[in-house]
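Participant: Please read through the structure below; I'll follow up with questions.
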Amino acid sequence: MFPAVEATIHLSAAPSTDIFCPVEHLDPVNARILAVSEDKIAGFSPDPFRDIAERSGVDLPTVLQRIRAMLRAGTVRRVRQTLLATNLASGALVAWKIAPDRLDAAFDFMFREDPFSGHVVLRSTDAATAGSDYKLWTTLKAPRGFSLHDHAELLRRHVGADHFRLMPAKGIFVLGVGHVRRKTIEPGERADALAHMTKVETADLTEHEWRILLALKRELAPEEINEESPWHARAREAGVGFDEFCAVARDLNARKLIGRFSTFLEHVKPSDTGVRVTRFNALFHWAVPAGREVEAGGEVGRHVILTHCYWREAGAEFGNVNIMAVAHGTEKDRLLAHKAAIDEHLRGCGIPVSYTNVFWGGRSEIKPSEISPFVYREWQAKMAARGVV
């Protein structure tokens, strides 16, 4: 009852031209827009929607109308400027071992109550293998000045987890989305060059830079998607002029702290009309010899089906895996074919793999991990008042 009422409110507040336009990612015009807007606007752009229009070949009024409509319909989950948060806060992929009767409650707490947990996913394997009893996987950030391990330990105690494994990224080879573009990729398709590894190095920001960064990163409401650059309003929010806002954003971009401007498609959940963008998400694991992680990650990351590829040390619980990657698709067998092609490529490169696995995503909720130290202090006070310490 309530979701339907909320949807009606959103639609009634929308411009009349938005209400009746196509909202699915399969629509040809929407597909042209999304092929650019998902992950092709790299870094900071002073006028991102105009850039999307120019690169997609779709006029600006149509781009604005379609993105607003897709956002209201749930086809697009959020529209925002992403950050390279690994360089702004301590972060890790976390695997949680939790008793089955506590799993759903733990999932709900990390999704609804912990702003520092980002991707919250239940994962399973096709057989009992190393680490398959770790069912809950999250991404986690701890803002500067706070301990990632201490935060994870607080979560462990509160949700009753038996154990957790922190897997911080030592290097990033691929970080993107682009589900629409990846629908037609063939197994084994890869870039000509090795994927470059970006090292994870935490940066220091001034209070002035933080104020602009926090205004920059918050997702856009449909009403903010119009012909004026969204950064005019965000500059006013940060208490600076538009030129100063853009100058600081460009400097942050040069320091490799800005990711991409993106319209994030809903990964698995259906839109309001029941259409899904993907059905399966696969976390691929490989254990390669110590000292060959950069080489192996570069070869794995060349495969354009992948949305993420990292060097992470998973430890003995997971067969000493050190290269991880993520791929999405609508058919499980096709994702396995992509994985087989990557395995074959590693063999052809003479890179031995002592262990490999696939963890399949089930129930999932995706949100950006909060990185603000100001928000962290507020959260600590709130949790202390509730007895969560």
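Any read-out appearing in this document is the output of simple, stated calculations on the displayed coordinates, not a laboratory observation. Please read these numbers as outputs of a predicted model, since none were measured by experiment. For neighbour counting, all protein chains shown are included, and Cβ atoms are generated from backbone atoms with ideal geometry for every residue, glycine included.
Participant: Once R0 is set to 51 Å, what does the formula 1/(1 + (r/R0)^6) return for the Cβ-Cβ distance between E244 and H163, expressed as a FRET efficiency to the nearest 0.05?
Facilitator: Numbers: r = 48 Å, r/R0 = 0.93.
Result of the calculation: an efficiency of 0.60.
Participant: When Lys and Arg each count +1 and Asp and Glu each count -1, what net charge do the other residues less than 12 Å away from A142, Cβ to Cβ, add up to? Show your work: numbers first, answer last.
Facilitator: Working: positive: K141, R144; negative: D114, D150, E153, E370.
After counting each charged neighbour, the total is -2.
Participant: Could you run the Karplus curve 6.51 cos²θ - 1.76 cosθ + 1.60 with θ = phi - 60° over segment 287-295 and give me ³J(HN,Hα) per residue in whole Hz, x for Gly and Pro?
Facilitator: 10, 10, x, 4, x, 10, 5, 5, 4
Participant: Longest span of the chain, sites excluded, free of GluC sites (Glu not before Pro) in DSSP loop with at most 12 other C-beta atoms within 10 Å? Write down the numbers at each step before the final one.
Facilitator: Details: sites that count: E201, E227, E228, E331.
Answer - 1-200.
Participant: Tell me the net charge near Y376. Cut-off is 13 Å between Cβ atoms, Y376 excluded, with +1 for each Lys or Arg and -1 for each Asp or Glu.
Facilitator: Values: positive: K141, R144, R377, K382; negative: D114, D150, E370, E378.
It works out to a net charge of 0.
Participant: Could you derive backbone 3J(HN,Hα) for segment 309-320 from the dihedral phi with the Karplus parameters 6.51, -1.76 and 1.60 (θ = phi - 60°), listing whole Hz in sequence and x where the residue is Gly or Pro?
Facilitator: In residue order, the calculated couplings are 8, 9, 9, 9, 9, 8, x, 5, 4, 10, x, 6 Hz.
Participant: If you plug each phi of segment 89-100 into the Karplus form 6.51 cos²θ - 1.76 cosθ + 1.60 with θ = phi - 60°, what whole-Hz ³J(HN,Hα) values come out, in order, with x for Gly and Pro?
Facilitator: Karplus values, whole Hz, x for Gly and Pro: 7, 5, x, 7, 7, 10, 9, 10, 9, 9, 4, x.
Participant: A further question follows. Can you list the lysines whose alpha carbon sits under 27 Å from that of K332, skipping same-chain ones fewer than 8 residues off?
Facilitator: K40, K97, K135, K183, K269, K367
Participant: Put one equal scatterer on each alpha carbon of segment 28-112, apply the Debye formula with no solvent term, and list log10 I(q)/I(0) at q = 0.16, 0.19, 0.24 1/Å to two decimals.
Facilitator: For the requested q values the scattering log ratios are -0.77, -0.88, -1.13.
Participant: If you place +1 on the Cβ of every Lys and Arg and -1 on the Cβ of every Asp and Glu, how big does the dipole about the Cα centre of the chain come out, in debye to the nearest 20? Before the final figure, lay out each step's value.
Facilitator: Numbers: 50 positive and 50 negative charges, 92 e Å.
It comes to approximately 440 debye.
Participant: Continuing with this model, one more query. In what order do K141, K217 fall by count of nearby beta-carbon atoms within 10 Å, going from fewest to most? Kindly include the intermediate steps, with their values, before the conclusion.
Facilitator: Values: K141 24, K217 20.
Ranked by crowding around the Cβ, least crowded first: K217, K141.
Participant: A further question on this structure: Please list, ordered by chain and number, the residues whose modelled amide H lies under 5 Å from the amide H of I323; skip anything fewer than 5 residues away on the same chain.
Facilitator: The answer is W286, V288, R312.
Participant: Still on this structure, please answer the following. Between R363 and R55, what is the spin-label point distance in nm, taking each point 7 Å from the Cα along the Cα→C-beta axis?
Facilitator: 3.6 nm
Participant: Taking neighbour counts of Cβ atoms within 10 Å as a proxy for exposure, in what order, fewest first, do K339, K367 appear? Don't jump to the answer; show the numbers that get you there.
Facilitator: On the way: K339 21, K367 17.
Final ranking by Cβ density, sparse to dense: K367, K339.
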